[in-house]
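Student: The structure that follows is given in the form of structure tokens.
The numbers here are math on the coordinates, done by the rules we state, and not lab data. This structure is a prediction, so every number in the text was calculated from the model and none was measured. Because the Cβ atoms are built from the backbone with ideal geometry, glycine has one as well, and the counts that use them run over all protein chains shown.
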Amino acid sequence: MYNKDYPAKLIKLRSKDSQSGRIPAPIPGPAAWSYATKKEILKQFRELENQINTILESYVPLAKSKLLNADDVPLPIVFKMRKLAKSHRPDHILKELNSEIIAVHALGKLVVGLTEQSIEQLKEMISELKEIIPSSRQEWITKRMDSNGVYRDAVDPKWNREFELIHELTSIDLITSYTLGDALETMSVDDFESCKKDGELKVRFFKYESEIDDIIFSSFLTHFSNKGIRRNKIERLRHSHKIDTYVVPYVSDEIIKQMADFPGVETVSNFTRFQLSANGQILEKQKLQVLLPEKDRDYPRVAIVDSGISVNNKHLAAWIEAQETFVPPNRQNNYHGEFVGGILVYGHLANPNIQELIDSGVKILDVVVLPDPDLESIREDELLDALEEALDLYATEFKVWNLSLGSSRLCTGVISDFTAAIDELQDTYNVQFIIAAGNYQKMREIWPVEDVFVDDADRISLPADSMRAITVGSIACEDDHTTLVKKGEVTPYSRRGPGVGLSVKPDIVHFSGNPKNFPIYSINGTGELVADFGTSFSAPLVAGILAEYYQQFPTNLSKTTAKALLIHGSRHPITKKVVSVANDLYFYGFGQPKRIHDVLYGDEHEITLMFEGALNPKQNLNWIKISDFPFPQSLCTGNKIRGEILVTLVYEPHLNPRLGSEYSRSNVDIRLRSIVNGKPKTITKGIAAGEVPDAEKWEKTQMTNELKWSPIKQVQFLSPIGKEGSDEISLELFPTWRELTDKEVIPFSVVITIRDPKKVAPVYTEVSKLLLQSFQSDDINLRSEPARINYRG
């Protein structure tokens with residue numbers, strides 16, 4: 001139970017905490033080659049030459065025949081990389097070829113733009129290198145003294161160019177042309193039928209950021225002009241400003257395939273349609289009484305983007321603050337929207353066995369966008385138009401928007417137009433979308449799942465792959481001997497991660513029904529209890545909790561800090577501990593969240609600290625170092641420190657949807673270091689990093705176990721009995737960018753809890769005194785006590 005006498009502290013960063021110098025990083029040695037011997041490298045080079053010859057003979061002539069100014073227009077060529085880390089990218093190769101990466105799809109699948117001349121030049125490069133490959137990489141390695149006077153391995157300057165080219169070429173697994181199979185990767189038979197039914201489809205072009213884009217588009221129009229595709233019939237899709245996607249008339253399935261085979265076209269796809277994510281309703285006999293809000297009382301606010309709430313719903317009418325309707329009344333079916341609204345207001349009464357629910361009432365913005373599924377569905381562009389209109393009107397008042405809707409399109413290496421657009425909307429309007437992870441209709445038949453990478457059938461679907469959104473999965477509310485999973489375990493239908501670029505999705509989980517005997521309950525339009533299950537009904541439980549964060553926080557709460565607090569308080573629903581197994585992160589996310597009072601109030605044996613800021617390389621604010629991190633002396637004994645420190649970091653990376661699995665363009669790491677024997681030693685580790693042998697720390701392992709490029713991170717120090725260390729502790733936060741052009745401002749928030757698990761040390765008192773000595777800080781006293789709403793009579 002929380003104690004208001006021990007509030008969290010909001011710390012203001014000092015000027016000395018922002019560092020302008022070089023970001024701390026180990027000095028890299030000469031790159032490793034993927035092959036150790038000259039014989040192996042020669043074999044690899046011959047294979048690459050054969051692949052290039054195939055491109056020149058079979059692909060280039062046909063592709064050029066479709067283009068205007070064909071000699072000057074790059075063709076999309078795929079480099080499939082053997083290694084994923086940035087250090088293995090073909091940067092030196094592309095620089096010599098005067099080329100660049102124009103897209104990234106799945107991990108390691110790079111699409112580069114190469115003219116015929118550049119492809120020939122690449123072939124010549126390989127031929128020249130074959131003549132000078134050393135018997136061993138070590139022949140080109142020498143020793144050189146660094147700035148600290150230490151001799152280190154270095155490449156002989158005479159061979160710098162050749163060394164890097166061989167390194168990059170041996171990191172390439174395959175060079176091939178971009179095919180219609182790549183462009184149609186997400187299209188199923190049903191999707192072709194959808195294009196025909198809509199009478200139009202989406203064509204997305206690679207973007208070169210030069211006059212090449214105009215040449216390719218003109219070539220496309222010329223090539224298809226005699227097939228019914230005219231310029232006046234094509235319209236640019238306006239919702240994402242970072243992608244060149246056009247709405248094109250449907251002619252035939254064959255023309256779709258021809259478009260996909262056109263050089264310069266990245267994807268051809270149908271418009272995604274969104275449907276309600278519920279699994280069937282059961283009507284109960286019990287009826288709940290009407291609850292009414294108190295006058296002049298402030299309540300959390302949630303915008304529900306759903307199927308609407310009937311004007312005749314007496315149980316919810318008083319809780320609806322405003323309504324925006326985009327579906328005519330005769331095309332509505334309010335069941336789903338009323339279930340979502342009902343669980344927000346009446347969830348604690350309908351489900352008395354479920355904890356961590358908002359039981360104090362929620363004011364609702366009812367955004368009616370989803371029509372009766374028996375009559376029609378809503379298309380992605382229509383949904384975005386409605387969302388944007390509603391956001392224009394209500395984004396200032398409503399910061400939390402619940403989207404309990406889903407689609408059949410699975411998360412892939414390509415960022416969809418819709419995902420890019422809703423991420424832009426959240427940035428533009430400074431709001432937080434809460435999105436259901438989606439329901440896997442077949443349902444898993446095995447639990448637990450040992451390897452998430454075996455099958456993608458139950459992976460999250462649009463729009464749950466949104467990088468900015470909080471995606472919510474479902475955990476079982478009850479169980480018995482007939483259910484596959486126990487209470488608190490992930491339900492068989494809850495879709496799982498990973499998200500884009502192996503990011504953590506879902507972000508968190510909450511309760512829903514455990515099929516088929518244990519549904520979750522809400523109310524219908526007349527107040528009768530109805531039973532159902534689905535991730536649709538977990539999402540509003542989280543939306544209500546987050547809305548209470550905004551309502552209770554004493555000052556304006558930033559979106560980044562709100563998310564950081566939500567994640568920081570989340571725990572594994574079974575173990576009640578931080579989620580610490582990498583595989584679990586893709587099912588549970590960071591766990592089940594708590595209400596804000598339980599996150600920000602503690603006791604004498606713990607303290608929670610918060611700070612927020614921005615890394616801005618353009619202003620020389622390169623990284624953060626708090627060299628006098630306030631750590632209590634009572635947790636120090638001799639040369640050991642003990643206790644628990646949990647650190648949660650949330651940041652907002654620059655996003656580029658054209659670069660697929662590399663959508664997130666920056667990474668921020670955080671660590672605590674303690675002085676041990678006169679030298680700094682990192683004392684925290686990533687919450688899942690304990691599973692990673694040092695020898696396996698390559699890029700994919702870092703992305704799954706250390707959450708590299710993921711905008712949410714947690715690190716932890718945990719030692720009840722003590723580990724080597726001292727009270728000289730520093731906190732460091734430092735970024736890396738994929739490219740120099742990605743060096744944008746990175747807003748961040750950090751939440752830290754220092755705790756004595758033994759409940760002995762006066763942690764709160766000691767840290768508070770240290771803060772008074774060196775920092776400017778404020779107590780976070782929440783606005784009010786949550787008042788549970790019950791029947792009055």
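Student: Kirkwood Rh over alpha-carbon pairs of the stretch 423-556, then Stokes-Einstein at 37 °C and 0.692 mPa s: what D in µm² s⁻¹, rounded to an integer? Kindly include the intermediate steps, with their values, before the conclusion.
Tutor: Details: Rh = 15.8 Å.
Value of D from the Cα-based Kirkwood radius: 208 µm²/s.
Student: A follow-up question, please. What's the local net charge at Ile460, with K and R +1, D and E -1, over the other residues with C-beta under 13 Å away? It would help to have the intermediate numbers written out before the result.
Tutor: Working: positive: Arg409, Arg459, Arg495, Arg496, Lys505; negative: Asp456, Asp458, Asp465, Asp507.
The answer is +1.
Student: Which one of Phe205, Ala420, Leu165 has its Cα pushed farthest toward the positive end of the charge dipole of the chain, where Lys and Arg give +1 and Asp and Glu give -1 at the Cβ?
Tutor: Result: Leu165, furthest along the dipole toward the positive end.
Student: Lys and Arg at +1, Asp and Glu at -1: add these up for the other residues within a Cβ distance under 11 Å of Gly181 and post the number.
Tutor: Numbers: positive: Lys257; negative: Asp182, Glu185, Asp261.
So the surrounding residues net to -2.
Student: Determine, from the Cβ-Cβ distance of Leu772 and Ile23 and an R0 of 41 Å, the FRET efficiency 1/(1 + (r/R0)^6), rounded to the nearest 0.05.
Tutor: Numbers: r = 31 Å, r/R0 = 0.76.
Efficiency computed from Cβ-Cβ geometry: 0.85.
Student: Are any of the pairs Lys95/Lys202; Lys559/Lys681; Lys43/Lys83; Lys4/Lys576 more than 25 Å apart by Cα-Cα distance, and if so, which? Before the final figure, lay out each step's value.
Tutor: On the way: Lys95/Lys202 33 Å; Lys559/Lys681 33 Å; Lys43/Lys83 18 Å; Lys4/Lys576 22 Å.
Lys95/Lys202; Lys559/Lys681, as the Cα separations exceed 25 Å there.
Student: What FRET efficiency, computed as 1/(1 + (r/R0)^6) with R0 = 51 Å and r the Cβ-Cβ distance, is obtained for Ala318 and Leu174, rounded to the nearest 0.05? Present the calculation step by step, with values, prior to reporting the outcome.
Tutor: On the way: r = 63 Å, r/R0 = 1.23.
Calculated value: 0.25.
Student: Which value results when the Cα radius of gyration for the stretch 38-178 is divided by 2.2 N^0.38 Å? Working shown, then result.
Tutor: Values: Rg = 16.8 Å, N = 141, 2.2 N^0.38 = 14.4 Å.
That ratio works out to 1.17.
Student: How far apart, in nanometres, would the label points at Leu221 and Thr526 be if each is projected 7 angstrom from Cα along the Cα-to-Cβ direction?
Tutor: For the pair Leu221/Thr526, the computed spacing is 6.0 nm.
Student: Work out from phi, with θ = phi - 60° and the Karplus expression 6.51 cos²θ - 1.76 cosθ + 1.60, the ³J(HN,Hα) of each residue of the stretch 611-625, listed in order in whole Hz, and give x for Gly and Pro.
Tutor: 8, 9, x, 8, 8, 9, x, 5, 10, 6, 8, 7, 7, 10, 9
Student: Give a residue-ordered list of calculated ³J(HN,Hα) values for the stretch 240-256 (Karplus: 6.51 cos²θ - 1.76 cosθ + 1.60, θ = phi - 60°; whole Hz; x for Gly, Pro).
Tutor: 10, 8, 9, 10, 9, 10, 10, 8, 10, x, 7, 10, 6, 4, 5, 5, 4
Student: Could I ask something else about it? Give me the extension gain from Ser408 to Lys618: residue separation times 0.36 nm, minus the current Cα-Cα distance, reported in nm with one decimal. Don't jump to the answer; show the numbers that get you there.
Tutor: Numbers: separation 210, 0.36 × 210 = 75.60 nm, distance 4.17 nm.
Going from the current span to full extension adds 71.4 nm.
Student: Is the shape of the stretch 281-552 rounded, prolate or oblate, going by the alpha carbon gyration tensor and its root eigenvalues a ≥ b ≥ c, with a/c under 1.5 for rounded and a/b larger than b/c for prolate?
Tutor: Numbers: a/c = 1.56, a/b = 1.12, b/c = 1.39.
The shape class here is oblate.
Student: Take the alpha-carbon centre of the stretch 228-251, take the same for the stretch 609-683, and report the distance between them in whole Å.
Tutor: Taking the Cα centre of each part, the stretch 228-251 and the stretch 609-683 sit 44 Å apart.
Student: Between Glu284 and Asn160, what is the spin-label point distance in nm, taking each point 7 Å from the Cα along the Cα→C-beta axis?
Tutor: 7.3
Student: Give the shape of the stretch 345-459 as rounded, prolate or oblate, defined through the alpha-carbon gyration tensor: a ≥ b ≥ c are the square roots of its eigenvalues, a/c under 1.5 means rounded, and otherwise the shape is prolate if a/b is larger than b/c and oblate if not.
Tutor: On the way: a/c = 1.74, a/b = 1.15, b/c = 1.52.
Because a/c hits 1.5 or more and a/b fails to exceed b/c, the stretch 345-459 counts as oblate.
Student: How large is the charge dipole for the chain, taken about the Cα centre, if only the Cβ atoms of Lys, Arg (+1) and Asp, Glu (-1) carry charge, to the nearest 20 debye? If you can, show how the numbers build up before the last one.
Tutor: Working: 94 positive and 110 negative charges, 396 e Å.
Dipole of the chain, to the nearest 20 debye: 1900 debye.
Student: Applying the Karplus parametrisation 6.51 cos²θ - 1.76 cosθ + 1.60 with θ = phi - 60° to the phi angles of the stretch 156-165, what ³J(HN,Hα) value in whole Hz is obtained for each residue in order, glycine and proline being reported as x?
Tutor: For the stretch 156-165, the Karplus curve yields 4, x, 4, 10, 3, 4, 5, 4, 5, 5 Hz.
Student: Give the calculated FRET efficiency between Asn677 and Gln633 to the nearest 0.05, with a Förster radius of 30 Å applied to their Cβ-Cβ distance.
Tutor: The value I calculate is 0.95.
Student: For the stretch 211-299, take N as its residue count and report Rg(C-alpha) divided by 2.2 N^0.38 Å. Can you show the working numbers first?
Tutor: Values: Rg = 24.2 Å, N = 89, 2.2 N^0.38 = 12.1 Å.
Cα Rg divided by the expected 2.2 N^0.38 Å: 2.00.
Student: Under 13 Å from the Cβ of Ser135, count the other residues' Cβ atoms, weight Lys and Arg +1, Asp and Glu -1, and hand me the total. Walk me through the numbers on the way to the answer.
Tutor: On the way: positive: Lys38, Lys39, Arg137; negative: Glu40, Glu139.
That works out to +1.
Student: Still on this structure, I have one more. Quote the relative contact order of the chain in percent (integer), defining contacts as alpha-carbon pairs under 8 Å separated by 6+ residues.
Tutor: Working: 1775 pairs, mean separation 123.4, N = 793.
Normalised by residue count, the contact order of the chain is 16 percent.
Student: Relative contact order (percent) for the stretch 173-327, with alpha-carbon contacts under 8 angstrom and 6 or more residues of separation?
Tutor: Numbers: 143 pairs, mean separation 46.9, N = 155.
With pairs under 8 Å counted, the relative contact order is 30 percent.
Student: Related question: Rounded to the nearest 5, what % of DSSP beta bridges with both residues in the chain are antiparallel? Could you put the intermediate results ahead of the total?
Tutor: Numbers: 106 of 134 bridges.
Roughly 80 percent of the beta bridges in the chain run antiparallel, per DSSP.
Student: At most 10 other Cβ atoms within 10 Å and a DSSP loop assignment: could you name the trypsin sites (Lys or Arg not before Pro) in the stretch 392-459 that fit? Can you show the working numbers first?
Tutor: Numbers: sites: Lys399, Arg409, Lys442, Arg444, Arg459; in loops: Lys399, Arg409, Lys442, Arg444.
Counting only loop positions with at most 10 other Cβ atoms within 10 Å, the trypsin sites (Lys or Arg not before Pro) in the stretch 392-459 are Lys442.
Student: Lys/Arg Cβ at +1, Asp/Glu Cβ at -1, dipole of the chain taken about the Cα centre: which of Ser710, Tyr764, Val449 is farthest positive-ward?
Tutor: Tyr764
Student: Which entry in (1) 26; (2) 17; (3) 21 matches percent of Cα pairs over 52 Å apart derived from the coordinates of this structure?
Tutor: Label (2) holds the value from this structure.
Student: Going by Cα centres, the stretch 171-219 and the stretch 533-576 are how many Å apart?
Tutor: A separation of 38 Å, based on Cα centres.
Student: Relative contact order, percent, of the stretch 111-251 when contacts are C-alpha pairs under 8 Å separated by at least 6 residues?
Tutor: 18 percent.
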